[in-house]
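Below is one structure; the comments refer to it alone.
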Amino acid sequence: MAQMRVAAASVPNDLESFWLPFTPNRGFKRAPRLIVRAKDMHYYTAGSGGPVLDGTAGLWCTNAGHNRDPIVAAIARRAEELDYSPAFQFAHPAAFELASRLAALAPGDLNRVFFCNSGSEAVDTALKIALAYHYVRGEGTRTRLIGRERGYHGVGFGGISVGGIVNNRKFFGSLLAGVDHLPATYSREHQAFTKGEPEWGAHLADELERLVTLHDASSIAAVIVEPMAGSTGVLPPPQGYLPRLRAICDQHGILLIFDEVITGFGRLGYAFAAERYGVVPDLIAFAKGVTSGAVPMGGVIASDRIYETFMRGPEHIIELFHGYTYSAHPLACAAGLATLDLYRDEKLFARAKALEPRFAEAAMTLKGLPNVLDIRTVGLAVGIDLASRAGAFGLRAYEAMERAFRDEALMIRIAGDTIALSPPLIVSEAQIGEMFEKVARVIKAVA
Ligand code: PXG
């Protein structure tokens with residue numbers, strides 16, 4: 001059949017063949033939302049409609065805005081001069097340059113950068129480095145990985161195993177063995193309508209002590225958390241929670257991994273959330289904002305101590321049996337360098353920090369609208385919980401996303417019945433106002 005279609009004079013260009021990721025395919029194909037180009041804060045659709053305001057920086061990634069000229073030019077130049085060079089046993093100069101720039105942005109002794117192509121790969125890379133680190137230093141019994149309920153760490157088997165989202169786990173068999181989870185840090189009862197880090201909840205870090213008592217530290221390799229849980233609805237860490245987690249990890253020789261795939265590159269007003277919270281993890285997973293979404297790239301920043309632990313044995317032997325064909329791809333490195341230049345030259349992280357109070361204030365104007373159960377803000381991110389329609393979890397927010405796109409020319413993200421906004425860091429104060437006015441109308445429309 002496939003052969004016949006290929007041989008046919010004309011292959012139909014319809015919507016059937018593309019199986020969309022994390023999308024209800026039938027609904028989409030009945031009424032597609034097609035984007036054909038983008039610039040700065042806006043998308044443009046296939047029809048004659050006007051610009052659509054990007055309320056979400058793509059999928060939390062276009063932090064410098066869309067199609068920025070210096071990034072586009074850097075990618076074009078690199079495509080002409082070096083399409084590809086092997087990632088194993090060979091390298092190209094821009095990979096070293098980007099790694100140095102990232103090491104300079106990262107806190108403490110996080111100076112060693114391993115490249116991959118997505119957040120999911122970054123997470124699996126970080127977990128594998130943690131396991132291998134203990135192995136090479138002679139503590140191979142440390143194999144257990146600890147994640148957190150409501151955590152999102154991508155869709156690889158490592159990531160869904162340490163992740164805490166039931167729909168990302170339940171279809172996929174037995175997952176990784178030897179994983180446990182900390183409780184989520186969110187409590188509506190104690191935290192509703194908080195701007196920034198809630199006061200309640202630091203004690204939940206002590207649950208790690210309980211897991212250490214249960215499993216023994218000698219079996220635990222690493223703990224992985226998002227400093228701010230993004231995908232499950234913007235859950236900022238309680239005040240003091242992350243330092244406590246760090247202290248408990250130190251006490252028991254457990255590595256601390258921050259998944260900064262969303263929080264990295266200015267979302268919380270700093271290069272990394274680690275800086276905002278004054279906590280230096282052992283490994284940072286990053287992706288998304290490193291290229292402002294323009295070319296897929298991810299990676300892990302490891303401490304000097306971890307890197308140096310691997311640098312032993314005969315010098316012709318590979319120290320870490322891990323890597324991807326497209327690790328440090330030339331186009332991604334070019335995009336990354338141009339993106340970091342933009343962040344620096346336009347002071348976009350500081351801009352996000354300066355806009356945070358205005359953004360939080362505008363978000364809180366939604367309080368009191370029909371079905372709004374909670375609003376959480378941190379940096380340039382907000383989660384807005386809506387009450388579910390009876391017997392139809394997720395339907396109200398789905399309708400809100402549809403209406404926002406079609407009636408208000410605004411792109412929003414949804415998770416269950418939570419709306420999430422996380423605009424590019426170039427957003428203006430006027431656009432922040434516009435965004436929340438549009439969301440207010442949408443929330444009323446789906447009441
Ligand atoms: N870790 C975190 C913290 C993430 O948020 C990943 C890993 C995986 O990245 P990749 O590049 O493999 O997708 C993510 C991705 C949403 C949304 O709507 C969030 C993500 C991706 C798509 C949508 O919140 N996060």
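Would you be able to say whether some residue in segment 107-117 is assigned to a helix (DSSP H, G or I), at pLDDT 95 or above, within 16 Å of the ligand (Cβ to nearest atom) and among the polar types (S, T, N, Q)?
Looking through segment 107-117, none of the residues is assigned to a helix (DSSP H, G or I), at pLDDT 95 or above, within 16 Å of the ligand (Cβ to nearest atom) and among the polar types (S, T, N, Q).
You will find that of Pro51, Pro93, Pro70, the residue that is more than 16 Å from the ligand (Cβ to nearest atom), over 19 Å from Gly293 (Cα atoms) and in contact (Cβ under 8 Å) with a residue 40 or more places away in the chain is Pro51 and no other. Given the structure, is Asp417 within 16 Å of the ligand (Cβ to nearest atom), buried (at least 16 other Cβ atoms within 10 Å of the Cβ), at pLDDT 95 or above and farther than 24 Å from Thr62 by Cβ? When the stated conditions are applied, Asp417 passes them. Given the structure, is Gly240 at pLDDT 95 or above and away from the ligand (no atom under 15 Å from the Cβ)? It is true that Gly240 is at pLDDT 95 or above and away from the ligand (no atom under 15 Å from the Cβ). When His153 is tested against (1) under 22 Å from the mean Cα position of the chain (by Cα); (2) part of a loop (DSSP other than H, G, I, E, B); (3) under 30 Å from Arg37 (Cβ atoms), exactly one condition is not met: (3).
Scanning segment 195-222 for residues that are out of contact with any helix residue (DSSP H, G or I) (no Cβ under 6 Å at 6 or more places or on another chain) and hydrophobic (A, V, I, L, M, F, W, C) yields Leu204, Leu211, Leu214, Ile220. If only residues of segment 53-101 that are touching a Lys or Arg at 6+ places or on another chain (Cβ under 9 Å) and of a type in the set (A, V, I, L, M, F, W, C) are counted, the one that is nearest to Ala409 (Cα to Cα) is Leu53. Scanning segment 72-96 for residues that are open to solvent by 60 Å² or more (accessible area, probe 1.4 Å) and either on the phi > 0 side of the Ramachandran plot or in contact with a helix residue (DSSP H, G or I) (Cβ under 6 Å, 6 or more places away or on another chain) (or both) returns a single hit, Gln89. Checked against (1) of a type in the set (A, V, I, L, M); (2) more than 11 Å from the ligand (Cβ to nearest atom); (3) open to solvent by 10 Å² or more (accessible area, probe 1.4 Å), Val155 meets all criteria but (2).
Tell me whether segment 119-133 contains one or more residues that are polar (S, T, N, Q), touching a His at 6+ places or on another chain (Cβ under 9 Å) and crowded, with 19+ Cβ neighbours inside 10 Å. Yes: segment 119-133 contains one or more residues that are polar (S, T, N, Q), touching a His at 6+ places or on another chain (Cβ under 9 Å) and crowded, with 19+ Cβ neighbours inside 10 Å.
Among residues of segment 221-243 that are under 17 Å from Ile257 (Cβ atoms) and of a type in the set (S, T, N, Q), those with a Cβ under 7 angstrom from a residue that is in a loop (DSSP other than H, G, I, E, B) and near the ligand (Cβ under 9 Å from one of its atoms), sequence gap 6+ or separate chain, pair up as Ser231/Tyr152. In this structure, Phe405 qualifies as at pLDDT 95 or above, within 28 Å of Gly264 (Cα to Cα), open to solvent by 10 Å² or more (accessible area, probe 1.4 Å) and out of contact with any helix residue (DSSP H, G or I) (no Cβ under 9 Å at 6 or more places or on another chain). Scanning segment 32-48 for residues that are aliphatic (A, V, I, L, M), more than 16 Å from the ligand (Cβ to nearest atom) and open to solvent by 40 Å² or more (accessible area, probe 1.4 Å), we see that the one that is nearest to Arg344 (Cα to Cα) is Val36. Might you let me know whether segment 107-116 holds any residue that is closer than 22 Å to Leu268 by Cα, of a type in the set (Gly, Ala, Ser) and open to solvent by 40 Å² or more (accessible area, probe 1.4 Å)? Yes; the residues of segment 107-116 include at least one that is closer than 22 Å to Leu268 by Cα, of a type in the set (Gly, Ala, Ser) and open to solvent by 40 Å² or more (accessible area, probe 1.4 Å). One residue stands out among those in segment 128-152 that are over 22 Å from Met228 (Cα atoms) and among the aliphatic types (A, V, I, L, M): the one that is farthest from the ligand (Cβ to nearest atom), which is Val136.
The values are calculated or read from the model by the stated rules, or taken from the named source; none is laboratory data. As the structure is a prediction and not an experimental result, all values here were calculated from the model. Note that each Cβ is placed from the backbone with ideal geometry, even for glycine, and that neighbours are counted across all protein chains shown. Surface accessibility is based on the protein's heavy atoms, side chains included, excluding ligands, DNA and RNA. Shrake-Rupley method; radii C 1.70, N 1.55, O 1.52, S 1.80 Å.
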